[in-house]
Amino acid sequence: MKHWWKILGIFLMIYSIVAGIGIPLKPGIYDASPSKANTGEQFTMNAVGYLTQFDKTPDDLRAWLKVGNDFAIAANSIGVKNESTLNVSFQIPNNLPTKDRVVDASLIIDSKKNGYAIFPSAVFITNTTQQTSPEGWNNSIADMHEFKSMAFPYRNILQETIRNLFYHVPLWFGMMIIFLISAINSGRFLMTKNQKFDHKASAYASVGTLFGILGLVTGAIWAKHTWGAYWSWDIKQNMSAIAMLVYLAYFVLRNSFEESEQSARIGAVYNIFAFVTLPMLLFVIPRLTDSLHPGNGGNPGFGGEDLDNNMRMVFYPAIIGFTLFGAWMATILYRIEDVKQRIEDRAFYE
Amino acid sequence: MNFSTQIFHLIKKEFILEWRQRYALSGILLYVLATVFIVYSSFVRVPDTAWNSTFWIIILFASVNAIAKSFIGESGNRTLYYYSLMNPYAVILSKMIYNTLLLLILCLLCYAAFSFIAGNPVQNTGLFYLILFLGGTGFSITFTFISAIAAKSKNNATLMAILSFPIIIPILMTLINLSANALGMIKNTAYTNDILILIAIDLILVGMALILFPFLWRD
């Protein structure tokens, strides 16, 4: 079975697409309004859930407003409108537990069926009485339920786009590995002067460039949802686009020579040089300035609660699957190039 | 000839050639002056941010023009002559050292012209000279190596630009970031980090250029 890795690649690709699209998100809170309240008032808010089934178990619902890590008040009544809408009422105490004039409180809703869901900064409570004391703010959050079935975490703003982790990130991982293979083949060409390695290097570079462009496109679609625009001239976006220019220049360079040995040799030299500059463009420079991209400019990267074990079970196979699939594409490209070369050589000798 | 004498003679040769065809050098210097005048007349009062970015962009274009000829200018026969005599490392190193010196002159002239015409907003002068030095070195290393690649092709002027501009961007971004510090536009006490990044980039590029040049030069 010398084709085992191609089968593995296809299997992992299909798995990551089916599992990555098919597995639902955990129930979460999508919106809560109004977002302003005063101390001492009876406050009723309208919470909109995503994928929640409030109407299935209306009696098991509990809700809290949480301020900081230590203080919370429980809801005094919860009315279920339909499967995704709740009316939650709170009697807000006359005083705030902290000295701030305005505090932000998170809305937490727990249900037996949906597990618990958090909506950060749901309400801003203004202290109209100017009193500071923890009275009335008892932390009664306990016995939280977990969502039982297989699901990905629900995050505000990210929502369904959290699945982009299975496609966008593996494309960039795969691109780096494929460019590395391309640079290694260029090195072997310079050592051996065997045209075979040059064809391999250019095939891998083509697939790497394709992966990079797809990575830019998937990133842009994700950015439209989370950052508000396809292209926000973020440093990470700019540097990735420039990295693609580096490799497009490689193809222009290769095509600017008539003699194939010279084109291969100079192309190989530039390919290695380009690969060395790639980490600077993608990893060093985005650290210098502010960036919206996860993992840069103080933003959390993947890890923590954004990447739970369910996601890991799709994310890591996706990296391997995309890389193997790319390598397969490159071997096909290489063989086409190799056959072309042989036909040319035969025509030359006849 | 041992390695260092080879480098010494090659650099000496570069200086003699430059002196014989003075129009090339004076052309570059006039280029800098003319662009500084254009910048000044289009801005009249140059704001600090514009000062910073236009300064480095002028240096960028002037260095591409100055360095592009370093391999393209060599005739085929003379190249053949070097190849039979010299060590490839001596050839590329001497070009890099010579181009660094040339770029340092160019940077200083550009700085002087900017200060004279558009004002001098630099607050941390010592840091700015260090940045000029590191920038000149980085530009020289990258452009010298790329010009060695581009010189092999017929349409070398286009290739020089498309090959070198994407690769120079990490250096250029770090430089603009650092010199914004020297201009007092941003207060970043951790700028030594950026300086170390710049030195690391320069060293990596020199290393790669030295490893790859022997494969490049012999046709």
Original post:
Regarding the stretch A:159-349, what are the three Cα extents along the principal axes, ordered largest first, in Å?
Top reply: 63, 33, 27
Subject >> Intensity falloff of the protein assembly as shown expressed as log10 I(q)/I(0), Debye formula with alpha-carbon point scatterers, at q = 0.08 Å⁻¹ >> reply: -0.73
Original post:
How many angstrom lie between the C-alpha centres of the stretch B:59-95 and the stretch A:214-245?
Top reply: 39
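Take each of the peptides B:133-142, A:42-51, average the number of other beta-carbon atoms within 10 Å over its residues, and list them starting from the highest. Let's see the in-between values first.
Details: B:133-142: 24.2, A:42-51: 17.8.
Top to bottom by mean Cβ count within 10 Å: B:133-142, A:42-51.
Quick one: Cα convex hull volume of the stretch A:1-62, Å³ per residue? Please report the intermediate quantities before stating the final value.
Numbers: hull volume 9.0 nm³, N = 62.
It comes to 145 Å³ per residue, whole-number rounded.
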Subject >> Residue-averaged [θ]222 nm for chain A, counting only DSSP H segments that reach four residues, each worth -39500 (n - 2.57) >> reply: -16000 deg cm²/dmol
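Quote the charge dipole size of the protein assembly as shown about the Cα centre in Debye, to the nearest 20; the model charges only the Cβ of Lys and Arg (+1) and of Asp and Glu (-1). Can you show the working numbers first?
Values: 41 positive and 35 negative charges, 313 e Å.
The dipole of the protein assembly as shown has a size of about 1500 debye.
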Original post:
Among the listed pairs B:LYS12/B:LYS154; A:LYS200/B:LYS69; A:LYS26/A:LYS66; A:LYS193/B:LYS152, which are separated by more than 23 Å between their Cα atoms?
Top reply: B:LYS12/B:LYS154; A:LYS200/B:LYS69
Original post:
Per-residue mean of other chain beta-carbon atoms within 10 angstrom of the beta-carbon, peptide B:210-217?
Top reply: 5
Subject >> Average beta-carbon neighbours from other chains, 10 Å sphere, peptide A:275-284 >> reply: 5
Subject >> Within 10 Å of each Cβ in A:246-256, the average number of Cβ atoms from other chains >> reply: 4
**OP:** State the Cα centre-to-centre distance between the stretch B:148-206 and the stretch A:121-184 in whole Å.
**Re:** 37
**OP:** Calculate how many DSSP beta bridges within the stretch A:28-126 are antiparallel, expressed in % of all such bridges and rounded to the nearest 5.
**Re:** 90
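Summing Lys, Arg as +1 and Asp, Glu as -1, what charge do residues with Cβ under 13 Å from the Cβ of A:PHE124 carry, A:PHE124 excluded? Each step should come with its number before you reach the end.
Values: positive: A:LYS36, A:ARG101; negative: A:ASP100, A:ASP104.
That works out to 0.
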Original post:
Considering the dipole of chain A built from charges on the beta carbon (Lys and Arg +1, Asp and Glu -1) around the Cα centre, which of A:THR39, A:SER149, A:LEU180 is farthest to its positive end?
Top reply: A:LEU180
Original post:
For chain B, what does -39500 (n - 2.57) per DSSP helix run (n ≥ 4), summed and divided by total residues, give at 222 nm, in deg cm²/dmol to the nearest 500?
Top reply: -30000 deg cm²/dmol
**OP:** Select from chain A the helices, each a whole stretch of DSSP H, whose alpha-carbon atoms run 27 Å or more along the helix axis and whose Kyte-Doolittle mean is at least 0.5; answer none if there are none.
**Re:** A:168-192, A:235-255, A:260-279
**OP:** Would you mind listing how long the stretch A:32-144 runs along its three principal axes, going by Cα atoms, in whole Å with the largest first?
**Re:** 41, 26, 20
Original post:
Between the helical axis of B:125-150 and the dominant principal axis of chain B, each derived from Cα atoms, what acute angle in degrees is found, rounded to the nearest 10?
Top reply: 40
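Rule-based calculations on the coordinates, nothing more; no lab input. All figures in this text were calculated on a predicted structure; none of them were measured in a lab. With ideal geometry, Cβ positions are generated from the backbone for all residues, glycine too; neighbour counts draw on all protein chains shown.
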